[in-house]
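> Mind having a look at this structure? Questions to follow.
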Amino acid sequence: MVAYNQNSRPVPVFHAFPALEEGSTLAGYAALIAGHGLLVPAPPDYLCAIGTKHKRYEKGRWRIFTPRHKPNDSLHNHLTFALKHEGIDLAVLKALLSRLSLKLLSILFVQNQQALIAEDSGFCTSGYAVMNSISRMQRKVTS
């Protein structure tokens with residue numbers, strides 16, 4: 001299992017983005033890129049992090065969220081955070097899916113299918129549909 005934000009260490013610089021404040025941790029696509037060692041270009045607009053202050057703000061190219069927004073350290077939670085707060089980044093999704101095994105992807109979808117379908121907001125069901133269709137395409141390519 002990949003450890004995102006190992007030991008909750010602050011990250012001084014991420015790709016071409018400026019340094020984060022002391023105690024901040026990566027979230028969403030930044031955590032997925034760092035956690036899986038994905039070789040993708042940094043997103044052109046912004047990345048997300050979890051700060052120590054209880055207010056949301058932007059610092060340079062970072063969107064800093066409050067500690068209560070912090071996703072649990074898992075693939076599903078960081079991916080859900082990314083789809084909700086950062087939109088769909090196809091380069092990151094493609095690189096991530098090429099690193100994951102089909103067995104892990106199928107477990108991820110089966111475990112979270114009911115929660116994603118039951119969610120009222122549109123990002124969850126559309127995010128599930130995108131991930132499900134990418135998984136089907138990957139299965140066709142590998143078989």
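> With every protein chain left in place, what is the accessible area of R56 in Å² (1.4 Å probe, nearest 10)?
140
> On to the next question. Among the lysines, which have Cα under 24 Å from the Cα of K84 when same-chain residues fewer than 8 positions away are ignored?
K84 reaches K53, K55, K59, K70, K94.
> For the full complex of protein chains and a 1.4 angstrom probe, list D45, D89 by accessible area with the highest value first.
In descending accessible area the options line up as D45, D89.
> Once Lys and Arg get +1 and Asp and Glu get -1 on their Cβ, which of N77, I64, A91 lies farthest toward the positive end of the dipole of segment 55-98?
Result: I64.
The values are calculated or read from the model by the stated rules, or taken from the named source; none is laboratory data. A quick note: this is a predicted structure, and the numbers were derived from the prediction, not measured. Using ideal geometry, Cβ is built from the backbone for each residue, glycine included, and neighbour counts are taken over all protein chains shown. All accessible areas refer to the heavy atoms of the entire protein, side chains included, with ligands and DNA or RNA removed. Shrake-Rupley method; radii C 1.70, N 1.55, O 1.52, S 1.80 Å.
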